[in-house]
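This report refers to the structure that appears directly beneath it.
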Ligand SMILES: *Cc1c(COP(=O)(O)O)cnc(C)c1O
């Protein structure tokens, strides 16, 4: 039997990393010692105090029952306390915080709350694939805002056609940015808020990398900017800060009406996250924070190996201030796909072709530094020896 898929799933592009995993598997079968700089997923373990706390909670009978879809109040309070401490942002845990099964879950579902079929949503290109994926599943039409090097990989809001801006109901932004590693300052967010007010657009800021930064740079929360809570919400999680991507726990915070709608949606499709995992996230948020600085120092060393290594081959890259990504142009004569293929064939190194993040990513590739520095150094050494000097 061959069942006809719904249009909404047929229109969905295959998830980028599924394809990369296929290539890796194939090379490994051929006996190549593949080094993957492809996937952005912290390789270091979750800190022990978090695991210990979760373990203790595993034995508590009331945690074995259905949790609340929107999260325990004590969990939401921990998120609010984190926002107060880290960003100086006041949040009401009852109305302005909702738990998520990882921020990816909320990013995908917010489109279902605010977009009807045919509605327009502004999406960064290149960008995290879930923004357009969630919107397409909801039947909406993404309008892609180009992120280009000359604008510091910030969208040019003035370049959005008037009719598109009027039709748009929602906008996704993400700084520190995946895949470009770019950061945004207060002036940019002020511009976003003015734009959102003028055209009545819900702003969804993805702050997944707020804690991954270097040399004293502290990423902002969108909610720090006056007026942000009137026009938007922010997504984040414990995933990147505390090496907890596998635990699947995050949050959305901000505009109470939007948080209520997202919570109402969730009560209809899931029952929230296992309480022991909510406690683990609380242990991360409320516990000792040295892990963040320790991680960042490890990533900084790795970042320097990549950027210095590529620059020695002919690139002229600046070191990103945040995220664990290096976004770089492909050499002359290559496309994103042909260069990624060339690098795996020649050096056995997996890089992510930039066009996987959108049309504007064509001509770029992304390197992720979530593997040990020895392996990163070896990858760069192999690239130097087997690819050599490049031109642009
Ligand atoms: C990793 C990541 C997320 C989501 O992480 P969760 O584990 O679902 O919280 C969201 N946005 C971006 C840009 C990411 O890179």
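Structural remarks
- Tail beyond 24 Å, pair distance distribution of the range 65-159 (Cα, percent): 43
- Annotation: peptides 273-285, 207-219, ranked by per-residue average of other Cβ atoms within 10 Å with the highest first, follow the order 273-285, 207-219.
- Start at zero, step by 10 Å, and the Cα-Cα distances of the range 1-128 spread as 8, 21, 29, 28, 13, 1 percent across the bins.
- When peptides 106-113, 326-333 are ranked by their average number of other Cβ atoms within 10 Å per residue, the highest-first order is 106-113, 326-333.
- For the chain, the longest principal axis of the C-alpha atoms and the axis of helix 290-313 are separated by about 30°.
- Projected onto their three principal axes, the Cα atoms of the range 126-231 cover extents of 41, 28, 26 Å, largest first.
- Rounded to 5, the percent of DSSP beta bridges in the range 48-286 classed as antiparallel: 35
- Proportion of all alpha-carbon pairs of the range 48-286 beyond 24 Å (%): 43
- Degrees, to the nearest 10: 16-29 long Cα axis against longest axis of the chain: 40
- Taken over the range 255-360, the percentage of Cα pairs per 10 Å bin, counting from 0 up to the bin with the maximum distance, is 11, 25, 22, 23, 17, 1.
- Computed from Cα positions, the angle between helix 336-347 and the longest principal axis of the chain comes to roughly 60 degrees.
All of the numbers you see were taken from the coordinates with simple rules; none came from a lab. Bear in mind the structure is a predicted one, so any value in this text is a computation, not a measurement. Using ideal geometry, Cβ is built from the backbone for each residue, glycine included, and neighbour counts are taken over all protein chains shown.
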